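Novice: Please find one structure pasted underneath; my questions will follow.
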Amino acid sequence: MTHLNSVEFFNDFLFVMALVGFIVFVALYFVDAGYGKMRTDKWGPAINNKVGWFLMEMPVFIVMLYLWGVSPVRGKVPYLLFFLIFQMHYFQRSFIFPFLMRGNSKMPIIIMGLSVLWNLINGYIQGYWLFHIAPVYNPYPTDWVLDPRFIIGTVVFIAGFIINLHSDHVIRHLRKPGDTNHYLPKLGMYKYVTSANYFGEITEWLGFAILTWSWAGVLFFWFSCCNLVPRANSIYLRYEKEFPDEFDRKKLKRIIPFIY
């Protein structure tokens, strides 16, 4: 495949995946993805949640590592920083987050399998564009790290990363050992939305799209929204039933503070 044809194929693939994201977005408003709070037996066999998270998040870390490692530009500053910023999220998500989880909840194998498929595809999209197409088709100059897009995007990414970490911490510590009651999270960004962790994650990938200034990054942000926004709606509706008085008083939003 010539380079021009590979670029054309890649762009067509991005378009197809954007359409898939839209289908996922619509579907998840009618069918709750069966993991976490929404898990039911109808999703079939399940495995330990910690194992499931590790197995489904690790592939994108490995794919990105490989595509960066075999790239001739892997040592150049902008590309190295793209790699480190992306991997910072997935190192935490693959090798730290699962082992901080409490309890013995389960994850349906089908959900894990679909997530593995998406992570393999997304790892290919981000890594192939950044380290193999962009260096030839639209190379990032060395001083890209001084470009306002890189600086703003990095700040947005780090802000989202911090929000995501803190929100996960809040959720993990809602209950004391042995307590089985349900509680409405109230700290950090949970003062404004019921899915602060998801808000942090989509903020991260908005930042990544800006700092790479790429359609590949935009697709990742788009797909994250298509997956997480409907799920945030499901969580919101569940909390609204469980804690009606607090909802009336706080006027919480689903995932975007003051907006939705």
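The values are calculated or read from the model by the stated rules, or taken from the named source; none is laboratory data. Quick caveat, the model's predicted, so the values are computed rather than measured. Cβ placement follows ideal geometry from the backbone for every residue including glycine, while neighbour counts extend to all protein chains displayed.
Novice: Taking the conditions exactly as written (within 15 Å of the chain's Cα centre (by Cα), surrounded by 20 or more Cβ atoms within 10 Å (Cβ to Cβ), under 26 Å from His166 (Cα atoms) and in contact (Cβ under 8 Å) with a residue 24 or more places away in the chain), does Phe54 satisfy them or not?
Specialist: In short, no.
Novice: Among the helices (runs of 4 or more DSSP H) confined wholly to the stretch 112-220, which include 2 or more residues that are farther than 23 Å from Val63 by Cβ?
Specialist: 148-172, 196-212
Novice: A further question on this structure: Kindly indicate whether Phe131 is surrounded by 14 or more Cβ atoms within 10 Å (Cβ to Cβ), closer than 20 Å to Thr203 by Cβ, more than 19 Å from the chain's Cα centre (by Cα) and at pLDDT 95 or above.
Specialist: no
Novice: Check Met56, Met64, Met88 and return the single one that is closer than 24 Å to Thr203 by Cβ, modelled with pLDDT under 95 and not acidic (Asp, Glu).
Specialist: After applying the criteria, what remains is Met56.
Novice: Could you list, in sequence order, all residues of the stretch 14-51 that are of a type in the set (Gly, Ala, Ser), surrounded by fewer than 14 Cβ atoms within 10 Å (Cβ to Cβ) and modelled with pLDDT under 90?
Specialist: Matches in the stretch 14-51: Gly44 only.
Novice: When the residues of the stretch 202-239 are narrowed to those that are buried (at least 16 other Cβ atoms within 10 Å of the Cβ), more than 14 Å from the chain's Cα centre (by Cα) and without any contact (Cβ under 8 Å) to a residue 60 or more places away in the chain, which ends up nearest to Pro78 (Cα to Cα)?
Specialist: Ranking the candidates gives Tyr236 first.
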